[in-house]
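First the structure, in the form of structure tokens, and then the observations on it.
The values are calculated or read from the model by the stated rules, or taken from the named source; none is laboratory data. What you see is a predicted model, and the numbers here were worked out from it, not measured in a lab. Every residue, glycine as well, gets a Cβ built from its backbone with ideal geometry; the counts of neighbours run over all protein chains shown.
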Amino acid sequence: MRKNEKTGFSVLIPDGGETYALSVARCLAEEKDINTFVMAEDKQDSIRFSRHIAKFIHHPHEQQKEAKLEAIVDTIEKTKADILLPVGIKSIRLISEHKESLSKIVACPPTPDVRSFDIADDKWLLSQWLKEHHIPHPDTRLFRPMDSLEEQIAKLTFPVIVKPRNGSGGNGIHIFKEAGAFRDWHAGFDHVEDQIIQSYITGYDIDCSILCSEGKILAHTIQKSIKYSPDYPWPHGLEFLSQSEIYDIVRQVAESFRWSGVVHIDLRYDEVEKRAKLIEMNPRFWASVTASVFAGVNFPYLACLAALQMELPEVRPENKIILRTGPAIKMSLSNLFKAGNGRSYDNTFLEFILKDPLPTLIEETLYYYRKLKNS
């Protein structure tokens, strides 16, 4: 291991343009003596302006896998980075595919074998794998562009959820309560991508994040979405808690896959059948990775320790309530003026932004500028 300092190490994030790369960098900054290098295709990516980045490396031509791999190797040699820490789907799969050669020049965190990764990342293949391994999950059907709409509808019991076979971040997800709405959507659909259709589960979302090595869970957190009002389009926040049923399902999945690396697993508690069901897997870092730090589990840091084959500290997830920035401010003001309803929270995502405000300010400014320009 090449150390920058006596007790520290350096980390290279090879996909700084990924949505959650900044969150990973912010997690690493919570620990002492870590130098974080970032490479990205966009020269002006907002992560460049983070106070937590020791060096930003611009590689403009990374679309092809071979070019991306060459850029990573070149950057490792130039920065002398100790650890290579991929964030998103494409980079994790690339490093998993070439881990044997990359491990000769840099420490790599645990990553799944390519076959397991591809199953987890494909919602249709995953549903078949879950069925084969007798893991509870919603009824799932494949809906290809050439398939007959009416034949599909005849097989369905509404309400249903339709989502892209390969997708993330909640993009392209639609809930249909009856066949007419499904037909209307289908009429305007581009008919290019495969979709999957899942039976809608009446209940609530409850997810589990894990870091594994060869099927053994090294660290985990379980989080339940909090929504105080149906008018708010997103969850107001997360409640981190202990839930043995969720952990047992996830442990079975990890052991059956012999999973290595990080993965965020979406589950939903079925209030009709009184049991949890696994919805999908996201074999990458996730949106709430910073929130897990408040609960006592710093997944990017632990992945780095695993890469260095160091003994991981024993971490026990804490029960915490973490709110989004907007709802947290509103709740604090309500409580301040004694108009609140007694609700409270432990932390908010705003705390990370205040420590490192410039990237978020740039992102928000560009977002509203584009919105105004296109209006």
#### Entry: Hits in the range 120-158 (condition: farther than 20 Å from Asp270 by Cβ and not in a helix (DSSP H, G or I))
Asp122, Leu142, Phe143, Arg144, Pro145, Met146, Asp147, Ser148
### Query
Any idea which residue in the range 15-63 is farthest from the chain's Cα centre (by Cα), counting only those that are β-branched (Val, Ile, Thr) and farther than 24 Å from Thr365 by Cα?
Ile34
### Query
Out of (1) part of a loop (DSSP other than H, G, I, E, B); (2) out of contact with any Asp or Glu (no Cβ under 9 Å at 6 or more places or on another chain); (3) surrounded by fewer than 20 Cβ atoms within 10 Å (Cβ to Cβ), what's the single condition that is false for Ile105?
(2)
### Message
Would you confirm, using the coordinates I've provided, whether Ile265 is of a type in the set (Val, Ile, Thr) and farther than 20 Å from Leu354 by Cβ?
### Response
yes
### Query
Do you know which residues across the range 200-247 are of a type in the set (Phe, Trp, Tyr) and without any contact (Cβ under 8 Å) to a residue 40 or more places away in the chain?
Tyr247
### Query
Of the residues Lys224, Lys274, which is assigned by TED's automatic domain parsing to the domain that holds Ala328 and loosely packed, with under 15 Cβ neighbours inside 10 Å?
Lys274
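Here are some residues: Thr325, Thr365, Thr360, Thr348. Which one is buried (at least 20 other Cβ atoms within 10 Å of the Cβ) and hydroxyl-bearing (Ser, Thr, Tyr)? Spell out how you get there, then give the answer.
Numbers: Thr325 fails: buried (at least 20 other Cβ atoms within 10 Å of the Cβ); Thr365 fails: buried (at least 20 other Cβ atoms within 10 Å of the Cβ); Thr360 fails: buried (at least 20 other Cβ atoms within 10 Å of the Cβ).
None of the others qualify; the one that does is Thr348.
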### Query
Glu239 passes all but one of (1) under 14 Å from Met281 (Cβ atoms); (2) in a strand (DSSP E or B); which number fails?
(1)
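Test of understanding: among Ile265, Ile249, which residue is within 21 Å of Lys163 (Cβ to Cβ), in a strand (DSSP E or B) and of a type outside the set (Gly, Ala, Ser)?
Numbers: Ile249 fails: in a strand (DSSP E or B).
From the options Ile265, Ile249, the qualifying one is Ile265.
Within the range 166-182, take every residue that is of a type outside the set (Gly, Ala, Ser) and in a loop (DSSP other than H, G, I, E, B) and give me the one that is surrounded by the most Cβ atoms within 10 Å (Cβ to Cβ).
Taking the range 166-182 and keeping what is of a type outside the set (Gly, Ala, Ser), we get 166, 171, 173-178, 182.
After this cut, where a residue has to be in a loop (DSSP other than H, G, I, E, B) as well, the list is 166, 171, 173, 177-178.
Details: Asn166: 15, Asn171: 8, Ile173: 12, Lys177: 11, Glu178: 10.
Once the filter is applied, the top-ranked residue is Asn166.
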### Query
Can you find a residue in the range 324-337 that is at pLDDT 90 or above, closer than 25 Å to Ile13 by Cα and in a loop (DSSP other than H, G, I, E, B)?
no
### Task
Name, by its number, the condition in (1) in contact with a Cys (Cβ under 7 Å, 6 or more places away or on another chain); (2) more than 19 Å from Thr19 (Cβ to Cβ); (3) crowded, with 19+ Cβ neighbours inside 10 Å that does not hold for Ile95.
(2)
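Could you grab me the full set of residues in the range 183-224 that are part of a strand (DSSP E or B) and of a type in the set (A, V, I, L, M, F, W, C)?
In the first step, residues of the range 183-224 are kept if they are part of a strand (DSSP E or B); the result is 195-199, 203-213, 216-224.
Listed by number, the residues that qualify are Ile196, Ile197, Ile206, Cys208, Ile210, Leu211, Cys212, Ile217, Leu218, Ala219, Ile222.
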### Message
Take Ser127 and tell me if it is touching a residue at least 12 places away in the same chain (Cβ under 8 Å) and out of contact with any strand residue (DSSP E or B) (no Cβ under 7 Å at 6 or more places or on another chain).
### Response
no
